[in-house]
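The values are calculated or read from the model by the stated rules, or taken from the named source; none is laboratory data. Note that the coordinates shown come from a computational prediction; the quantities given were computed from them, not determined experimentally. Cβ placement follows ideal geometry from the backbone for every residue including glycine, while neighbour counts extend to all protein chains displayed. Accessible surface is based on the protein model in full, side chains and every heavy atom, while ligands, DNA and RNA are left aside. Shrake-Rupley method; radii C 1.70, N 1.55, O 1.52, S 1.80 Å.
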Amino acid sequence: MRSLLITIDGPAGAGKTTVSRSLAKKLGYRYIDTGALYRGIAFEAKAKGLRYDNDVGLENLCMSLNLKLIFAEEGSRLFSNNKDITDQIRSPEISMLASAVSSRPVVRKYLLGLQRNMGAGKGVIFEGRDMGTVVFPGADMKFFLDASLRTRALRRYKELSAKASLTIEEIEQDINQRDKNDTTRSLAPLKPAEDAIIVDSTDLSADEVVEFMLSHISRC
Ligand code: DC
């Protein structure tokens, strides 16, 4: 089978990372979690005390940043200026700030170039919000992974419960707010590409989603 560039877009908590990681392992591909890059910028903006809408500050920040996503099968690691910030970018506060900075054109422009460079070789899965619509409109195979709001909140709750003291209702509110931000922004809003295969994972396990995707990929 030829080497492909595959995109998986979808809202928060739909299972994109779990599915991308498993699919990448089965195919012997790399996978790139582009949300981590937005989270990295949010983390550094917070460290510098920058508001999400300080475009000049964000532009200067992007120019001085050296973000590296190091691929590892068990989960990629994000380095900012050679410092491993993987664990620090997963907090609910950084999730919301990442969604806010992702609406700023200076941030999207900076990451567009970075992401396209990362996809130079094929045999790669990109997961995010605008992979199939904006960053790689010519991708070989595009998926849009969705699930009901309640299911996504429950999945996040299970992931976070050891680390954060949020209730399911609070997580659901956060996800709902991020969905609104991500789908209504004017630049690269979250939506399925016209040629994306839409997968509703509400009643599917991650393995079932992966099998479904593999059945499409094998025909490509
Ligand atoms: O996938 P995630 O939850 O880690 O992403 C965090 C935020 O980053 C998300 O709310 C919106 C933004 N994002 C984006 O705008 N475009 C992407 N390709 C990936 C993430």
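For region 1-95, give me every one of the helices (runs of 4 or more DSSP H) that falls completely inside it and has 1 or more residues that are under 16 Å from the mean Cα position of the chain (by Cα).
On the way: elements: 16-27, 34-47, 55-64.
Helices (runs of 4 or more DSSP H) meeting the threshold: 16-27, 34-47.
Among the listed residues Gly49, Gly40, identify the single one that is without any contact (Cβ under 8 Å) to a residue 40 or more places away in the chain, closer than 24 Å to Asp174 by Cα and either within 14 Å of the ligand (Cβ to nearest atom) or of a type in the set (Gly, Ala, Ser) (or both). Explain how you work it out, then say what you get.
Details: Gly40 fails: without any contact (Cβ under 8 Å) to a residue 40 or more places away in the chain.
Residue meeting the stated conditions: Gly49.
Give region 188-205 a look and list any residue that's surrounded by fewer than 15 Cβ atoms within 10 Å (Cβ to Cβ) and either within 16 Å of the ligand (Cβ to nearest atom) or in a loop (DSSP other than H, G, I, E, B) (or both), or say none.
Once the filter is applied, which keeps residues that are surrounded by fewer than 15 Cβ atoms within 10 Å (Cβ to Cβ) and either within 16 Å of the ligand (Cβ to nearest atom) or in a loop (DSSP other than H, G, I, E, B) (or both), region 188-205 yields Glu194, Asp195, Thr202, Asp203, Ser205.
Taking the criterion of being among the hydroxyl-bearing types (Ser, Thr, Tyr) and surrounded by 23 or more Cβ atoms within 10 Å (Cβ to Cβ), would at least one residue in region 54-72 satisfy it? Explain how you work it out, then say what you get.
Kept after step one, since they are among the hydroxyl-bearing types (Ser, Thr, Tyr), are these residues of region 54-72: 64.
With surrounded by 23 or more Cβ atoms within 10 Å (Cβ to Cβ) added as a condition, the list becomes none.
Scanning region 54-72, I find no residue that is among the hydroxyl-bearing types (Ser, Thr, Tyr) and surrounded by 23 or more Cβ atoms within 10 Å (Cβ to Cβ), so the answer is no.
When Ala196 is evaluated against the numbered criteria (1) at pLDDT below 95; (2) touching a strand residue (DSSP E or B) at 6+ places or on another chain (Cβ under 7 Å), which criterion, by number, is the only one it fails?
Here Ala196 meets the rest and fails (1).
In this structure, is Ser165 away from the ligand (no atom under 13 Å from the Cβ), over 30 Å from Val106 (Cβ atoms) and open to solvent by less than 80 Å² (accessible area, probe 1.4 Å)?
Criteria not met by Ser165.
Is it the case, given these coordinates, that Ala98 is more than 10 Å from the ligand (Cβ to nearest atom) and either acidic (Asp, Glu) or more than 30 Å from Glu211 (Cα to Cα) (or both)?
On the way: more than 10 Å from the ligand (Cβ to nearest atom): no; either acidic (Asp, Glu) or more than 30 Å from Glu211 (Cα to Cα) (or both): yes.
Spelling it out, it is not the case that Ala98 is more than 10 Å from the ligand (Cβ to nearest atom) and either acidic (Asp, Glu) or more than 30 Å from Glu211 (Cα to Cα) (or both).
Residue by residue through region 96-140, note down the ones that are assigned to a loop (DSSP other than H, G, I, E, B) and under 22 Å from Asp174 (Cα atoms).
Quick first cut of region 96-140, residues assigned to a loop (DSSP other than H, G, I, E, B) only: 102-104, 119-123, 129-130, 136-140.
Ser102, Ser103, Arg104, Arg129, Asp130 - these are the residues of region 96-140 that are assigned to a loop (DSSP other than H, G, I, E, B) and under 22 Å from Asp174 (Cα atoms).
Would you call Gln177 touching a residue at least 24 places away in the same chain (Cβ under 8 Å), over 23 Å from Leu23 (Cα atoms) and open to solvent by 80 Å² or more (accessible area, probe 1.4 Å)?
When the stated conditions are applied, Gln177 passes them.
Taking the condition touching an Asp or Glu at 6+ places or on another chain (Cβ under 9 Å) and of a type in the set (S, T, N, Q), does Ser91 pass?
Working: touching an Asp or Glu at 6+ places or on another chain (Cβ under 9 Å): no; of a type in the set (S, T, N, Q): yes.
When the stated conditions are applied, Ser91 does not pass them.
Of all the residues that make up region 21-51, how many are open to solvent by less than 20 Å² (accessible area, probe 1.4 Å) and polar (S, T, N, Q)?
Residues in region 21-51 being open to solvent by less than 20 Å² (accessible area, probe 1.4 Å) and polar (S, T, N, Q): 1 in total.
Away from the ligand (no atom under 13 Å from the Cβ), in contact with a strand residue (DSSP E or B) (Cβ under 6 Å, 6 or more places away or on another chain) and within 30 Å of Glu211 (Cβ to Cβ): is that true of Phe71 in this structure?
Criteria met by Phe71.
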